[in-house]
Amino acid sequence: MNHIKRRGIAGQVKRFCVVRQHQLRHTEFHLGKQLSVKDHVVAWERPKCPAWMDTESYATMPKTFVLRETQVVGLTLVTSLIETEQVSKQELLTLYRTRWQRELDLRSTKTVMQMEILRCKSPDMVQKEIAVYLLAYNLVRAVMAQAAFLGQRCRAN
């Protein structure tokens, strides 16, 4: 991701996504604007309003999404970064793997800290609750690291 920031792309695109194509969605690479082999730009139509979404929020969503679908090492990735000059297929794979690793790390931290369910209701309080959990996690990790260091030092003497 640093190589994207260095080129200024992350500054131009405020929000972007790189996700794996859902297994029920079939990608037809011969449609849309061809960028390279198994790499194209297509327009996805807005799906029907899901049951959990109110109609006012649904009405604010765009009717079409212009996305890039590409295949790298057997994975079909979907992204809002559509310019091949800005981001190569390999860079998209790196972004996807980095995001996936961060999700796994977050899931692990949530499990260790028993924070699967957050109790606060407002967004501000949820942020504070997460900050307290992360502070506690880092304090515990610092004590563990210090204990390991002191244990090694004692064995050396």
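Every number here is computed from the coordinates shown, using simple stated rules; none is lab data. Remember, predicted model here, so these are calculated numbers, not experimental data. A quick note on method: Cβ atoms are made from the backbone with ideal geometry, for glycine too, and the neighbour counts reach across all protein chains shown.
Given the options LEU24, LEU95, LEU106, state which has the largest fluctuation in a GNM of the chain using a 10 Å cut-off (strictly under) for Cα springs. So, out of LEU24, LEU95, LEU106, the one fluctuating most is LEU24. Could you give the nm distance between label points at SER88 and LEU134, where each point is 7 Å from its Cα heading toward the beta carbon? Output for this residue pair reads 3.2 nm. When the GluC sites (Glu not before Pro) in region 25-64 are filtered for DSSP coil states and for at most 10 other beta-carbon atoms within 10 Å of their beta-carbon, the remaining sites are GLU28. With a Cα cut-off of under 16 Å and a minimum spacing of 8 residues unless on different chains, the lysine pairs in the chain number 5. Between CYS17 and GLU116, the distance separating the two model label sites (each 7 Å from Cα on the Cα→Cβ line) works out to 2.5 nm.
Ranked by the mean number of other Cβ atoms within 10 Å of their residues, highest first, the peptides 111-120, 32-41 come out as 32-41, 111-120. Once mean projected area of the Cα convex hull in nm² is calculated for the structure shown, the corresponding label among (i) 9.8; (ii) 14.7; (iii) 10.6 turns out to be (ii).
Using the Cβ-Cβ distance between LEU104 and THR27 with R0 = 22 Å, the FRET efficiency computed as 1/(1 + (r/R0)^6) comes to roughly 0.30. Against the chain, whose longest principal axis comes from its Cα atoms, helix 123-156 is set at around 50 degrees. So what is the relative contact order of region 2-112, in percent, for Cα pairs below 8 Å that sit 6 or more residues apart? It comes to 27 percent, rounded to a whole number.
Shape analysis of region 116-157 based on the Cα gyration tensor places the equivalent ellipsoid semi-axes at 36, 7, 4 Å, largest first.
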